[in-house]
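The values are calculated or read from the model by the stated rules, or taken from the named source; none is laboratory data. This structure is a prediction, so every number in the text was calculated from the model and none was measured. Cβ atoms come from the backbone with ideal geometry, glycine included; neighbour counts cover every protein chain shown. Keep in mind that these areas ignore ligands, DNA and RNA; they rest on the heavy atoms of the full protein, side chains included. Shrake-Rupley method; radii C 1.70, N 1.55, O 1.52, S 1.80 Å.
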Amino acid sequence: MAEEVRGPDTTALDEVVTFTSELIRIDTTNRGGGDCRERPAAEYVAERLAGAGIEPILLERTPGRANVVARIPGTDPTAEALLVHGHLDVVPADPAEWTVHPFSGEVRDGVVWGRGAVDMKNMDAMVLAVVRSWARQGIRPRRDIVLAYTADEEASAEDGSGFLAERHAALFEGCTEGISESGAFSFHPQPGTTLYPIAAGSGAPPGSSSPPAAGPGTAPR
Ligand SMILES: [Zn+2]
């Protein structure tokens with residue numbers, strides 16, 4: 001098929017700003033000790049995935065501490081899957097210390113302001129905007145793309161990635177790499193040097209813990 005030269009998807013550019021602002025307005029401050037409620041942000045994300053024909057599932061270990069997982073099927077079933085994940089909670093912000101209210105999501109001077117604008121509702125929004133753009137344009141990735149929006153990253157992760165790994169590992173079957181914060185941006189240790197960090201991890205081998213009975217799209221909400 002001939003390569004079609006496309007300009008920027010202006011809808012996606014608009015959406016990424018709107019989604020970042022609106023996610024910032026959903027206060028998901030994580031003060032630790034279980035004092036956080038990500039569910040409204042998880043529902044916001046799930047609605048926008050569903051609007052693109054993607055079937056998200058919401059998973060909670062503790063009521064209100066929702067995670068969202070979805071799988072976009074790739075065109076090559078033999079290809080390994082890629083996990084793209086972001087967290088929905090943010091660290092506390094005291095409005096008295098801010099020139100812009102931290103939960104306003106205000107766009108000022110062409111910049112989105114607020115807690116989570118860089119850690120990491122921005123990436124949550126970018127991922128949403130990209131996969132919705134794919135849906136509009138009929139683009140399918142070669143690999144399966146597994147999306148995860150997690151709770152409780154800023155504290156113990158017991159209600160977030162820890163819970164998903166322990167109880168819902170099957171949702172991540174085939175994922176050999178993941179992209180998220182720290183691996184999702186460059187850093188500059190000295191002028192002229194740009195590094196893209198890669199973290200290597202290891203976990204329990206597949207099958208060593210009891211996987212959930214339900215697979216993608218069928219797990220309980
Ligand atoms: Zn973060």
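Observations
- Residues located in the range 78-112, provided they are more than 16 Å from the ligand (Cβ to nearest atom), open to solvent by 60 Å² or more (accessible area, probe 1.4 Å) and in contact (Cβ under 8 Å) with a residue 40 or more places away in the chain: Glu80, Glu106, Val107
- Exclusive hit being touching a Ser or Thr at 6+ places or on another chain (Cβ under 8 Å), small (Gly, Ala, Ser), more than 18 Å from Gly160 (Cβ to Cβ) and crowded, with 18+ Cβ neighbours inside 10 Å, set Ala41, Ala117: Ala117
- Glu181 more than 16 Å from the ligand (Cβ to nearest atom), modelled with pLDDT under 95 and under 15 Å from the mean Cα position of the chain (by Cα): no
- Failed item, numbered, when Gly203 is tested on (1) at pLDDT 95 or above; (2) loosely packed, with under 15 Cβ neighbours inside 10 Å; (3) not basic (Lys, Arg): (1)
- Total residues in the range 136-151, condition touching a helix residue (DSSP H, G or I) at 6+ places or on another chain (Cβ under 8 Å), open to solvent by less than 60 Å² (accessible area, probe 1.4 Å) and part of a loop (DSSP other than H, G, I, E, B): 2
- Tally of residues being over 13 Å from Phe163 (Cα atoms) and polar (S, T, N, Q) across the range 51-89: 2
- Consider the range 55-70 and keep the residues that are open to solvent by 20 Å² or more (accessible area, probe 1.4 Å) and not in a strand (DSSP E or B). The one that is nearest to Gly138 (Cα to Cα) is Glu55.
- Residue within the range 17-26 that is at negative phi, touching a residue at least 12 places away in the same chain (Cβ under 8 Å) and outside any helix (DSSP H, G or I) present: yes
- Any hit, the range 161-171, residues being assigned to a strand (DSSP E or B) and either within 16 Å of the ligand (Cβ to nearest atom) or within 21 Å of Glu47 (Cα to Cα) (or both): no
- Residue check, Pro73 surrounded by fewer than 16 Cβ atoms within 10 Å (Cβ to Cβ), modelled with pLDDT under 95 and away from the ligand (no atom under 16 Å from the Cβ): no
- Scanning the range 136-183 for residues that are farther than 21 Å from Leu59 by Cα, touching a residue at least 60 places away in the same chain (Cβ under 8 Å) and hydroxyl-bearing (Ser, Thr, Tyr) yields one hit, Thr176.
- Inclusion of Asp35 among residues that are surrounded by fewer than 18 Cβ atoms within 10 Å (Cβ to Cβ) and touching a residue at least 60 places away in the same chain (Cβ under 8 Å) is not warranted.
- Considering the conditions (1) away from the ligand (no atom under 15 Å from the Cβ); (2) open to solvent by less than 60 Å² (accessible area, probe 1.4 Å); (3) part of a loop (DSSP other than H, G, I, E, B), Ala157 is excluded by exactly one of them, (1).
- Considering the range 120-135, the residues that are more than 16 Å from the ligand (Cβ to nearest atom) and within 14 Å of the chain's Cα centre (by Cα) include one that is surrounded by the most Cβ atoms within 10 Å (Cβ to Cβ), namely Leu128.
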